[in-house]
Amino acid sequence: MSRLSKVTAEQAEGKTAELYGAIKASLGGVPNLFQGLGTNPRALEIFLGIGGGLRGGSLNLREQGSIALTVAQRNSCDYCLAAHTVLGKMGGLSENEMLANRQGGSEDQKKNALIKFVGEVVDKRGNVSDETLRSFRAAGYTDAHVGEILLSVVQNIYTNYFNNLNRTEVDFPAAPQL
């Protein structure tokens, strides 16, 4: 059971109701994560703004999904693992690819460098080794990708920490165990 209060779709008013409308249009409902964040409409709006800002950037949906799974696994966030497994399937990630991402790699060489980079960013709090950075660049990523990748990592850490603190009730099918 969640430890923090939430605002259901039926209870939402004002800005929260407006934001929930956009979430419902995109996802078909308002998942428990957003109901928890809905207690502070400004926090919810900023969070959704980061996600909106990342769409249409240099990272495709599969890369963003792989980042989310990598970060969620590192932070032991069952809620985000479940949600991003569902979203990953919708975005075209295979079951094998999602499991590989959670284990710190990828079937694809370029994405493998991305996942290793992201894993080290999370594990070492940004203190990525020269070798990891060289491999990241050699795979075709540029320094221009770094800022966008870090925003994606931070957005995912935020939800991981929120869900872990809240013990948000998982309203997606559970992710496969590793």
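For the range 32-57, filtered to residues that are in a loop (DSSP other than H, G, I, E, B) and not hydroxyl-bearing (Ser, Thr, Tyr), the residue that is surrounded by the fewest Cβ atoms within 10 Å (Cβ to Cβ) is GLY56. Scanning the range 115-139 for residues that are farther than 17 Å from GLN64 by Cβ and not in a helix (DSSP H, G or I) yields a count of 6.
For the list (1) among the hydrophobic types (A, V, I, L, M, F, W, C); (2) part of a loop (DSSP other than H, G, I, E, B); (3) buried (at least 21 other Cβ atoms within 10 Å of the Cβ), I need the number of the one condition that ALA174 fails. Condition (3) is where ALA174 drops out.
Quick one: would you say LEU165 is surrounded by fewer than 18 Cβ atoms within 10 Å (Cβ to Cβ), in contact with a helix residue (DSSP H, G or I) (Cβ under 9 Å, 6 or more places away or on another chain), modelled with pLDDT of 95 or more and assigned to a helix (DSSP H, G or I)?
It is false that LEU165 is surrounded by fewer than 18 Cβ atoms within 10 Å (Cβ to Cβ), in contact with a helix residue (DSSP H, G or I) (Cβ under 9 Å, 6 or more places away or on another chain), modelled with pLDDT of 95 or more and assigned to a helix (DSSP H, G or I).
Does LYS89 satisfy the condition of being without any contact (Cβ under 8 Å) to a residue 24 or more places away in the chain, charged (D, E, K, R) and in a helix (DSSP H, G or I)? So LYS89 passes the test.
Among the residues of the range 1-30, those identified as buried (at least 18 other Cβ atoms within 10 Å of the Cβ) and either within 30 Å of HIS145 (Cα to Cα) or not aromatic (Phe, Trp, Tyr) (or both) are LYS6, VAL7, ALA12, THR16, LEU19, ILE23, VAL30. With respect to the conditions (1) of a type outside the set (Lys, Arg); (2) over 17 Å from the mean Cα position of the chain (by Cα); (3) crowded, with 21+ Cβ neighbours inside 10 Å, ASP130 falls short on a single one, namely (3).
The values are calculated or read from the model by the stated rules, or taken from the named source; none is laboratory data. The shown structure was predicted, so the numbers you read here are calculated from the model rather than taken from an experiment. Heads up, the Cβs are rebuilt from the backbone with ideal geometry, glycines too, and the neighbour counts pull from every protein chain shown.
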